[in-house]
Amino acid sequence: MVTIVASYNVTPNQPTPKDPLWLSDSDLIGNLGHISVIYIYKAKHNTDTIERLRNSLSKILVYFYPVAGRLNLTKSGRIEVDCNAKGVRLLEAETTKTFGDYGDFSPSESTEELVPKVDNTQPREEIPLLLLQLTRFLGGDEGLAIGVTFAHPLIDATGLVHFINSWAKLARGEALEPNEMPLLNRTILKFQHQPSSSQVLGSSETEFDPHKQDLEKPIAQTPLGVERKKVSATILKLTSSHLERLKKKANDQPSKEGSRPYTRFEVVAAHIWRCASKARESGENHPTLVTFSVNFRNRLNPPLPQNYFGNALAKVVTPECYEGDIISNPLGFAAQKIREAAQMVTDESIRSQLHASLGQGQLNHIRAFFTGHAHSINIPFDVNHSIFLTSWMNMPVYESDFGWEKPLHFGIVSRAQVDRATILPSPDGDGVVITIFFQTALMELFLKFFFEDMDNMEI
């Protein structure tokens, strides 16, 4: 049981600009709600811990001042950030459980107690964009957790890690370098060039639309009201040896002459996809797909600055295929499908996606979400035969040293209602940690294939 012992509203310790912050289309076409993650530290319970966090937080909010603002719905139906410096919520808490009672900190009701909750009964204009919770485990030297709940329209994973690591640096008593300062202005994504008709989504087979591409024939037959199966979560750990084994297997049959070897993400995603298809046993003619987001910071021309503080994600879907294709073909077949989806993210396709995606339908959803009448978007394909992937594997999440050394664990806490996997870096940086949500009735079978198939691969 977790008890909140104190609550603080932390505001910037200096005056900050009040002009509203325009949000790009990339900020508005994804998840409009909050996401929760957790950092676990094996730190002693120093009496000055909460004061150190409060003081450094008030300082970092001067540089990242939109984080202390609130969302606001404009007359045009878009969301912007009202930079009103209303502050960030910081909770101080204690748990009756020890460090060891939480096991591997996989998503569960217990770990959800370690992150701050969003009060969705409040008007959207009053909900903080960032909520933080420091929880001390039972026992004087048992360590602590920092739970983070952030509004996705404000930032993506890259932006969140940038903020947390910068905050930690100030907490250590260090100063930010000029290249660590955030680029807050998002109008760099307010494209002047409008794509031609041949570049708009759906008008060319080379462009992509996550709601249209390769889905119409086989999957549009699935009703939007399809029953979602109950899912449960577990954490899987892959060492560097496991990754090399997967890469070797996938690259046994190169996709094309002269093509580069498959990456860690491509082979891990392919392995998850194959094992999910095997576990479902739906028949070889059942359509299947993977959807994931691609960071497009380096895919624009010119690229976005590395300190860009906002969402820069393009959602893609793998080309049409069937579970029989994924199961019967070598691992490289699925890896190639993952690659083909990612390769669709080009400068022109990014511009066309953003231009086409924020249509009246999404604006209506934004208005419904903001007024409390909607909390999610219907996904127009069979969620029970799709996999949603998120990769944080290249994120420096273990650089968040607040003066207690680096975290022992970083993980996703938000629970999913569909088959989903988040791929994270391991603490040592050599392997990966996968948080997998999968249909409860099939989880045991999925895990069997996941490890047995890998064990049968030659090193």
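Throughout, read-outs are computed from the coordinates displayed, never taken from laboratory work. Small disclaimer: the values here were computed from a predicted structure and weren't measured. Cβ: placed from backbone, ideal geometry, glycine included. Neighbour counts: every protein chain shown.
Over the chain, calculate the relative contact order: mean separation of alpha carbon pairs under 8 Å at least 6 apart, over the residue count, as a percent.
22
Which residues in the range 33-73 place their backbone N less than 14 Å from a point set 7 Å from the Cα of Leu408 along the Cα-to-Cβ direction? Those under the cut-off are 39-45. Think of the chain as having a plus end and a minus end, set by charges on the Cβ of Lys, Arg, Asp and Glu; of Thr121, Pro12, Asn55, Pro12 sits farthest toward the positive end of this dipole. With a ≥ b ≥ c the root eigenvalues of the C-alpha gyration tensor of the range 405-459, is it rounded (a/c under 1.5), prolate (a/b larger than b/c) or oblate? Verdict is oblate for the range 405-459. Over the residues of the chain, the helix contribution to mean residue ellipticity at 222 nm works out to -8000 deg cm²/dmol, using -39500 (n - 2.57) for each DSSP H run of at least 4. Among the chymotrypsin sites (Phe, Trp or Tyr not before Pro) within the range 242-327, not one is in coil by DSSP while having at most 15 neighbouring Cβ atoms inside 10 Å. The count of lysine pairs in the range 3-160 whose Cα atoms are under 21 Å apart, excluding pairs fewer than 8 places apart on the same chain, comes to 8. A straight chain from Ala6 to Ser328 at 0.36 nm per residue would run longer than the Cα-Cα distance by 110.3 nm.
Once each of the GluC sites (Glu not before Pro) sitting in a DSSP loop with at most 16 other beta-carbon atoms within 10 Å is removed, the chain keeps 1-173 as its longest stretch. Ranked by the mean number of other Cβ atoms within 10 Å per residue, highest first, peptides 8-18, 154-164 order as 154-164, 8-18.
For the chain, what log10 I(q)/I(0) values come out of the Debye formula at q = 0.10, 0.13 1/Å, with one point per alpha carbon and no solvent? So the normalised log intensities are -0.76, -1.32. Within the chain, helices built from complete DSSP H runs that reach 20 Å or longer along their own axis (Cα positions) and carry a mean Kyte-Doolittle hydropathy of -0.5 or higher are 49-63, 157-171, 264-280.
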